[in-house]
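This report refers to the structure that appears directly beneath it.
The values are calculated or read from the model by the stated rules, or taken from the named source; none is laboratory data. None of the values given here were measured: they were computed from a predicted structure. Glycine gets a Cβ as well: all are built from the backbone with ideal geometry, and neighbour counts include every protein chain shown. Heavy atoms of the whole protein, side chains included, go into the accessibility calculation; ligands, DNA and RNA do not. Shrake-Rupley method; radii C 1.70, N 1.55, O 1.52, S 1.80 Å.
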Amino acid sequence: NVTDRPDTIIINAVAGGNGDSRLYEDEGDNRDYPENYAFTRMSCRADGDKNVYTIFPREVITDGRQLQLKSARGYELRIFGSVKPEKVMVNDRKLDKGSYRYDEDKRSLSVILPSVDCGREIKVEVIH
């Protein structure tokens with residue numbers, strides 16, 4: 001059983017391709033997981049000089065009872081194989097350069113996303 005629910009989830013992605021994934025969650029302290037769980041879908045899409053990373057709202061599957069999961073959390077999006085971005089946008093708002101880190105030697109970009117309601121979509125656009 002795993003009951004540790006971190007405040008921040010680290011998502012590792014590779015720049016330049018299309019892909020989809022899901023984060024599975026359950027309460028971790030009972031055997032109700034076949035009927036009571038949640039997942040958060042994530043996608044990345046490459047379109048020319050722009051990569052779009054989307055974290056979709058959490059989807060909850062239950063037999064009618066309330067799951068004991070965090071209602072909000074932050075994310076750290078780590079993008080490997082990236083070139084230095086011209087700009088980074090989160091939900092159509094341009095981030096200051098201090099809001100993300102680019103490591104030229106490792107060709108990696110790290111975007112810190114503050115805690116947000118798990119029922120909201122987050123869209124990160126990286127323009128090169």
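Summary of values
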quantity	calculated
Qualifying residue in the stretch 75-93 (condition: touching a residue at least 24 places away in the same chain (Cβ under 8 Å) and among the hydroxyl-bearing types (Ser, Thr, Tyr))	yes
All positions within the stretch 53-74 that are without any contact (Cβ under 8 Å) to a residue 12 or more places away in the chain and either open to solvent by 80 Å² or more (accessible area, probe 1.4 Å) or touching a Phe, Trp or Tyr at 6+ places or on another chain (Cβ under 9 Å) (or both)	Gln66
Per-region count, the stretch 34-52, residues loosely packed, with under 13 Cβ neighbours inside 10 Å and farther than 30 Å from Val126 by Cα	2
Of the criteria (1) under 22 Å from Thr8 (Cα atoms); (2) out of contact with any Pro (no Cβ under 8 Å at 6 or more places or on another chain); (3) of a type in the set (S, T, N, Q), which one Asn18 fails	(1)
Residue among Glu104, Glu86 that is open to solvent by 70 Å² or more (accessible area, probe 1.4 Å) and within 15 Å of Glu125 (Cα to Cα)	Glu86
Residue within the stretch 14-22 that is over 13 Å from Val126 (Cβ atoms), of a type in the set (Asp, Glu) and in a strand (DSSP E or B) present	yes
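Condition check ((1) in a strand (DSSP E or B); (2) aromatic (Phe, Trp, Tyr); (3) within 18 Å of Asp49 (Cα to Cα)) across all residues:
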position: Tyr75; (1), (2), (3): yes, yes, no
position: Ile79; (1), (2), (3): yes, no, yes
position: Pro85; (1), (2), (3): no, no, yes
position: Val88; (1), (2), (3): yes, no, yes
position: Arg101; (1), (2), (3): yes, no, no
position: Lys106; (1), (2), (3): no, no, no
position: Leu109; (1), (2), (3): yes, no, yes
position: Leu113; (1), (2), (3): yes, no, no
position: Val116; (1), (2), (3): yes, no, no
